[in-house]
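First comes the structure, then the notes that go with it.
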Amino acid sequence: MGKKLAVTGNQAIAEAMRQINPDVCAAYPITPSTEVMQRFAAFVADGKVGTELVTVESEHSAMSACIGASAAGGRVMTATSSQGLALMWEMLHIASGMRLPVVMTLVNRALSAPINIHGDHSDGMGSRDCGWIQLYSENAQEAYDNLIQAIRIAEHESVRLPAMVCMDGFIISHSIESMEFLPDETVKEFIGEFKPTHPLLDVDNPVTYGPLVLPDYFIEFKRAQHEAMSHVKDVVLEVAKEFEKISGRSYGLFESYRLDDADIAIVILNSAAGTAKDVIDVFRDKGLKVGLLKPRLFRPFPYEEVAQALANVKVIGVLDRAESLGGFGPMFMEIASAMMTNGSNPLMVNKIYGLGGRDFMPEHAEAVINELKEIMDTGKVKVLKEYIGVRE
Amino acid sequence: MSTPLRLKELSKKEDLLTGGHRLCSGCGAPIIVRQVLLAAEVPVVAANATGCLEVSTSIFPYTAWKIPWIHSAFENAAATISGVEAMYKALKRKGKIDRKIKFIAFGGDGGTYDIGFQSLSGAMERGHDIVYICYDNGAYMNTGIQRSSATPLGANTTTSPAGSVIPGKLQPRKNLTKIMAAHGIPYVAQTTPAHWRDLMTKVRKALDVDGPAFINVLASCNRGWRTPTNTTIQDTKLAVETCYWPLYEYENGRLKINYKPKEKKPIVEFLKTQGRFKHLFSPGNEHILEKIQELVDAEWEALLREESLYSEEG
Amino acid sequence: MKLKGWKELEIGAVIPEPGNADNYNTGSWRAFRPQWIEDNCIQCLFCWIYCPDSAVTVKDGKRGEFDYDHCKGCGICANECPGKKGNKAIVMVEEGK
């Protein structure tokens with residue numbers, strides 16, 4: 001079995017990348033993901049990986065080089081955060097449209113302005129429509145496990161789509177926690193060999209990548225991409241099952257915590273879920289039936305499964321660490337869609353929390369649960385969308 | 001043994017850009033691409049920046065390319081080909097590929113001088129074994145003749161129109177070839193498709209070096225230059241005869257002028273055949289013509305001076 | 001050409017048939033057609049190297065007929081043709097005449 005070590009989230013990601021040993025990595029440093037590539041550069045310099053590291057001059061070029069490298073016919077990885085992802089935005093669509101299974105770690109950080117280097121999910125949510133698979137991670141262990149599984153998911157023959165693994169900036173990327181690493185050989189065996197489709201480097205069979213597609217074919221290609229996305233859920237579960245065999249850790253499309261008999265549910269992503277779970281335990285001890293749903297796969301979003309998991313809940317509080325100014329938080333919109341299309345009609349509220357790295361404290365979770373209880377008792381929602389942990 | 005640079009011998013090679021592409025009649029870009037690919041003696045993989053050449057040669061489900069080719073976006077041909085070349089290096093090191101392959105990026109002046117400038121500079125600095133070929137027709141022709149930093153002083157474009165107050169583009173063009181030379185890369189050159197042997201010699205040198213190379217190729221655009229479709233080659237020859245576009249190269253930092261006109265023609269010879277400069281021949285704009293001549297003379301004299309420094313060294 | 005459905009398409013819009021634009025006819029764009037007068041031809045092959053449309057056929061180093069499926073009639077070949085004793089080997093003739 002693997003060894004247990006106390007590491008930062010970034011260190012865990014760098015270790016996973018060392019074990020995955022991709023053919024090409026193209027990256028540009030940005031806080032808080034910088035450490036990932038720094039550590040990885042050291043692995044390259046020490047000959048611990050066979051990767052060609054391309055230290056590009058911007059994130060736009062990072063993703064462009066990843067696209068070129070992936071189309072050339074090999075395994076490609078990168079990492080970024082925030083503004084870096086925003087600068088890549090154009091190329092994110094191109095990676096997915098070209099069906100290139102690039103795997104990226106996104107260390108979540110707020111988007112400017114005002115400039116802020118701390119963790120929230122505006123970067124990830126801002127790229128949710130770019131055609132990438134998105135896996136969110138509560139802690140370093142999950143980020144490590146997700147990254148290894150993401151290789152298999154992205155490269156699966158029925159998928160062939162890029163994937164990003166998200167974890168919270170600083171809260172996870174820079175905090176030390178104890179986690180378990182798999183042996184190198186186990187990871188190597190688990191991910192297997194990369195199987196290229198139409199590699200550019202096959203000069204005997206020249207292919208054209210990135211042609212101009214006019215209205216006569218464009219929508220057909222998007223339909224095909226949608227189909228590939230629709231296979232992801234099954235592949236995620238299949239890969240998770242195999243991963244459990246090598247790790248003993250089980251993963252699904254989302255995590256349900258004390259949800260089976262719950263009247264009240266909190267939906268929350270990433271690191272804040274840990275805090276919320278502790279508070280839920282306290283309320284459970286007091287007899288309140290409250291549970292939690294922590295999405296793991298955000299793109300494609302598992303609407304049916306989430307709706308089923310929340311089907312018997314009376315009140316749902318959806319907590320978003322990202323804004324869609326002028327709209328509900330992105331997670332709220334997904335949960336509302338899931339419930340509506342399932343024919344459920346729970347009472348729902350949306351709380352915006354933790355933007356720009358503001359701590360999510362137990363008292364925040366406590367206040368939300370108290371309010372959800374009040375809504376359940378009165379049947380009335382006072383404010384649909386509201387900021388929490390904010391000074392007046 | 002490489003194919004001698006004689007048309008009779010070269011014509012026996014396979015054309016790697018087919019007809020049936022949708023570039024305008026008389027376009028300079030495909031002439032350049034054909035010559036580049038005919039010059040190459042090893043398999044090449046190409047990246048292409050968004051632009052006329054890219055859209056017109058790859059209208060789905062057709063491709064005019066017989067080589068592996070990738071277009072991803074506008075500003076990043078250099079970064080895209082960097083990635084392809086990096087994968088080649090990685091797979092070669094791992095023993096998964098053993099052939100010699102070379103890498104070329106094509107971009108217009110928009111994708112090279114302007115929006116793709118950072119990506120180009122980065123790729124050159126990183127030392128990838130790639131050849132970047134800019135086909136410079138002096139404006140954003142693909143979107144309808146908007147000015148670029150390669151547009152010459154005084155040119156009438158749709159975003160630097162010759163109006164009643166402003167007589168076309170107010171700024172001289174950026175000298176990208178010199179900027180690339182300042183990167184200290186092993187090979188930088190400037191040429192035209194009219195000088196096919198010069199172009200092909202330069203492409204071979206660029207492909208032969210171990211590291212990055214840049215070639216700036218003047219391409220005429222009938223739509224943007226407001227010229228007839230049949231003068232594409234004639235116009236680029238005039239650019240060289242007037243020293244508007246000198247043929248020169250930097251091999252390991254050392255300048256060589258490849259052609260010196262016996263009698264340098266006045267710049268108006270180049271300008272007067274092109275509709276984009278028509279307004280400069282109206283009364284009141286004489287000073288612009290003079291200014292353009294001054295700029296051409298200054299660049300040419302600077303090149304001669306620079307070259308003479310090396311010949312003094314011996 | 002029959003348009004394909006989404007299930008029949010190559011992944012990621014890749015085109016695996018190199019140079020299939022050869023099947024696309026651009027000859028209909030022509031307003032003028034180049035005419036080759038073999039007697040005046042010195043086989044310099046300038047027409048071939050300067051053709052933007054790969055529309056001058058050459059066999060064993062000697063030029064053959066124009067590929068009128070692809071020639072767009074730009075006239076570069078006629079303009080660059082040195083001919084023999086002042087007589088061009090390529091002349092442009094208006095289409096339909």
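A plus B alone minus the pair: what accessible area, both sides summed, probe 1.4 Å, in Å² to 100? List each step's numbers first, then the result.
Values: alone 16870 and 14270 Å², together 27900 Å².
That pair of chains buries around 3200 Å² in total.
Summing -39500 (n - 2.57) over the DSSP H runs of n ≥ 4 in chain B and dividing by its residue number, what mean residue ellipticity at 222 nm do you reach, to the nearest 500 deg cm²/dmol?
Numbers: 11 runs with 113 residues, N = 314.
Computed mean residue ellipticity for chain B: -10500 deg cm²/dmol.
Compute, for the protein assembly as shown, the length of the dipole vector about the Cα centre, with Cβ point charges of +1 (Lys, Arg) and -1 (Asp, Glu) only. Units Debye, rounded to 20. The partial results should precede the final answer.
Details: 88 positive and 98 negative charges, 427 e Å.
It works out to roughly 2060 debye.
Among the residues of A:241-250, the average count of other protein chain beta-carbon atoms within 10 Å of the residue beta-carbon is 0. Modelled spin-label separation between C:I42 and A:K241, with each label point placed 7 Å from Cα along the Cα-to-Cβ direction: 7.8 nm. For the range B:240-279, GluC sites (Glu not before Pro) are listed when DSSP marks them as loop and at most 10 other Cβ atoms sit within 10 Å of their Cβ; the list is B:E263.
Given a 1.4 angstrom probe, I'd like the percentage of the accessible area of the range A:184-230 that is carbon and sulfur, rounded to a whole number. Write out the running numbers ahead of the final one.
Numbers: 1400 of 2500 Å².
So the carbon and sulfur contribution to the accessible surface is 56 percent.
Total buried accessible area between C and B, probe 1.4 Å, nearest 100: 3100 Å². When each of the peptides A:236-246, A:321-331, A:141-151 is scored by the mean number of other C-beta atoms lying within 10 Å of its residues, the order from highest to lowest reads A:141-151, A:321-331, A:236-246. In straight-distance terms, cross-link reach from B:K202 covers every one of the lysines whose alpha-carbon lies under 20 Å from its own, apart from those fewer than eight places away in the same chain; here that gives B:K8, B:K13, B:K100, B:K102, B:K178, B:K237, B:K256, B:K260.
Taken one residue at a time, the phi angles of the range A:3-15 give Karplus couplings (6.51, -1.76, 1.60, θ = phi - 60°) of 9, 9, 9, 9, 9, 7, x, 4, 5, 4, 5, 4, 5 Hz. Gly and Pro are set to x. Rolling a 1.4 Å probe over the protein heavy atoms gives the protein assembly as shown an accessible area of 38 Å² per residue. Spin-label model, B:K264 to A:A42: label points 7 Å out along the Cα-to-beta-carbon direction sit 5.8 nm apart. The distance between label points at A:N312 and B:L5 comes to 8.1 nm (points 7 Å beyond Cα on the Cα→Cβ vector).
Could you identify which residue out of A:A41, A:A265, A:A72 has the top mean-square fluctuation in a GNM of chain A using Cα springs shorter than 10 Å? Of A:A41, A:A265, A:A72, the Gaussian network model singles out A:A72 as fluctuating most. Evaluated with a Cβ-only charge set (Lys, Arg +1; Asp, Glu -1), chain B carries a dipole of roughly 920 debye about its Cα centre, given to the nearest 20. Of the solvent-accessible surface of chain C, computed with a 1.4 Å probe over protein heavy atoms with every protein chain present, carbon and sulfur atoms account for 49 percent. Working note: 222 nm ellipticity from helices only, DSSP H runs with n ≥ 4, each -39,500 (n - 2.57), summed and divided by the residues of chain A, gives -13500 deg cm²/dmol to the nearest 500. What residue among A:K222, A:K277, A:K286 has the largest mean-square fluctuation in a Gaussian network model of chain A, using Cα springs under 10 Å? Taking springs between Cα atoms under 10 Å, the residue moving most is A:K286.
If you run the Gaussian network model on chain A, springs between alpha carbon atoms under 10 Å, then out of A:P302, A:P215, A:P196 the most flexible one is A:P215. Stretching A:E157 away from A:L325 to a fully extended chain increases their span by 56.7 nm, per 0.36 nm per residue minus the current alpha-carbon distance.
For the range C:8-97, run through the GluC sites (Glu not before Pro) and keep only the ones in DSSP coil with at most 14 other Cβ atoms within 10 Å of their Cβ.
Within the range C:8-97, the qualifying GluC sites (Glu not before Pro) (loop, at most 14 other Cβ atoms within 10 Å) are C:E95.
In summary, the convex hull built on the alpha carbon positions of the protein assembly as shown has an orientation-averaged projected area of 40.7 nm².
Across the residues of B:228-236, average count of Cβ atoms on other protein chains within 10 Å? Kindly include the intermediate steps, with their values, before the conclusion.
Values: counts 4, 9, 11, 5, 7, 8, 3, 0, 0.
Whole-number average of other-chain Cβ neighbours for B:228-236 is 5.
Note on C:K84: lysines with a C-alpha under 17 Å away, same-chain residues under 8 apart excluded, are C:K62.
Within a straight-line Cα-Cα reach of under 18 Å, B:K278 can be paired with the following aspartates and glutamates, leaving aside sequence neighbours fewer than 8 residues apart in one chain: B:D235, B:E269, B:E286, B:E290.
Report the extension gain between B:S308 and B:Q171 in nm, rounded to one decimal, defined as 0.36 nm multiplied by the number of residues separating them, less their alpha carbon distance.
Details: separation 137, 0.36 × 137 = 49.32 nm, distance 2.92 nm.
Here the segment from B:S308 to B:Q171 would lengthen by 46.4 nm.
Taking the protein heavy atoms of chain B in the context of the full set of protein chains, the accessible area attributed to carbon and sulfur is 54 percent at 1.4 Å.
Roughly how crowded by other chains is peptide C:71-80, in terms of the mean Cβ count from those chains within 10 Å of each of its Cβ atoms? Provide the component values of the computation, followed by the final result.
Working: counts 2, 9, 4, 10, 7, 13, 2, 1, 8, 7.
Mean partner-chain Cβ count within 10 Å for C:71-80: 6.
The values are calculated or read from the model by the stated rules, or taken from the named source; none is laboratory data. Note that the structure is a prediction, hence the values are computed from the model and not measured. Cβ: placed from backbone, ideal geometry, glycine included. Neighbour counts: every protein chain shown. SASA here: full protein model, heavy atoms, side chains in, ligands and nucleic acids out. Shrake-Rupley method; radii C 1.70, N 1.55, O 1.52, S 1.80 Å.
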